[in-house]
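Please read the structure below before turning to the comments.
Only the coordinates and a few stated rules stand behind these numbers; no lab work does. Note that the coordinates shown come from a computational prediction; the quantities given were computed from them, not determined experimentally. Glycine gets a Cβ as well: all are built from the backbone with ideal geometry, and neighbour counts include every protein chain shown.
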Amino acid sequence: MNVRLLALGDVPPRLAETVLAELPRPYVGGEIGRLAVSLERCYDRTRAQVDAACLIEQVPQPEPGWLLLGLTGVDLFMPALTYVFGISHLGGRRGIVSWFRLHPDGKGPDAASVLVRRITTEVVHESGHAMGLVHCVVPDCAMHRSLWPEGVDLKRPDYCPACLATLNASL
């Protein structure tokens, strides 16, 4: 499965390239692009956040053999949740990941690598949903649910054997 990472707004230099290079199998290649979206249309002034469900509707349907994933730095929410790290259409081969709440505390020398690992793990997570995977009970699987940034640190940016088998069977 090819992955196209789409910048939704400003993306730090080399972030998309780094994340794309670290994606596990069955993601075999991809490319980087940009997507002009209307954040204002999805912005909730009361919450001062962007509605993730509204924003994902601006990501186009991917062509066969591709998965489209938007990368953004805006604060996303869903009505029942305070915030989300991302959203995907289950099995729809498209999604969004936000790094807004994934920044580590502090500014130590490892802060940049922690952020990139968290973003990569969430890209793998949302890609899994976009390919039809649901949340996993294995604590270190990328498909395990994370409710806070430190929870992302407990996961690997890869799938457990059961999730990988399910994903491979769907391809």
Q. Residues with amide H under 5 Å of VAL84's amide H, sequence separation 5 or more or different chain, H placed in the peptide plane at 1.01 Å from N; which?
A. LEU76, PHE77, MET78
Q: Take the alpha carbon gyration tensor of region 113-171, find the square roots of its eigenvalues, order them as a ≥ b ≥ c, and report rounded if a/c is under 1.5; if not, report prolate when a/b exceeds b/c, else oblate.
A: prolate
Q: Among ALA112, ALA80, ALA36, determine the one that fluctuates most according to a GNM of the chain built with springs between C-alpha atoms less than 10 Å apart.
A: ALA80
Q: Could you check what % of the DSSP bridge pairs in the chain are antiparallel, to the nearest 5?
A: 25 percent
(Q) Antiparallel versus total DSSP beta bridges in region 1-101: what percent is that, nearest 5? (A) 25 percent
Q. Taking the chain as a Gaussian network, Cα atoms linked when under 10 Å apart, which of GLU126, GLU57, GLU40 shows the biggest mean-square fluctuation?
A. GLU40
Q: Give, rounded to the nearest 20 debye, the magnitude of the charge dipole that region 19-171 has about its Cα centre when Lys and Arg contribute +1 at Cβ and Asp and Glu contribute -1 at Cβ.
A: 80 debye
Q. Highest mean first, what order results for 151-158, 82-89 on Cβ atoms within 10 Å?
A. 82-89, 151-158
Q) Gaussian network model of the chain, Cα springs within a sub-10 Å range: biggest mean-square fluctuation belongs to which of ASP44, ASP105, ASP140? A) ASP105
Q: Tabulate in residue order the Karplus-calculated ³J(HN,Hα) for region 148-154, using 6.51 cos²θ - 1.76 cosθ + 1.60 with θ = phi - 60°, rounded to whole Hz; enter x for Gly and Pro.
A: 8, x, 5, x, 5, 5, 7
Q) With a ≥ b ≥ c the root eigenvalues of the C-alpha gyration tensor of the chain, is it rounded (a/c under 1.5), prolate (a/b larger than b/c) or oblate? A) rounded
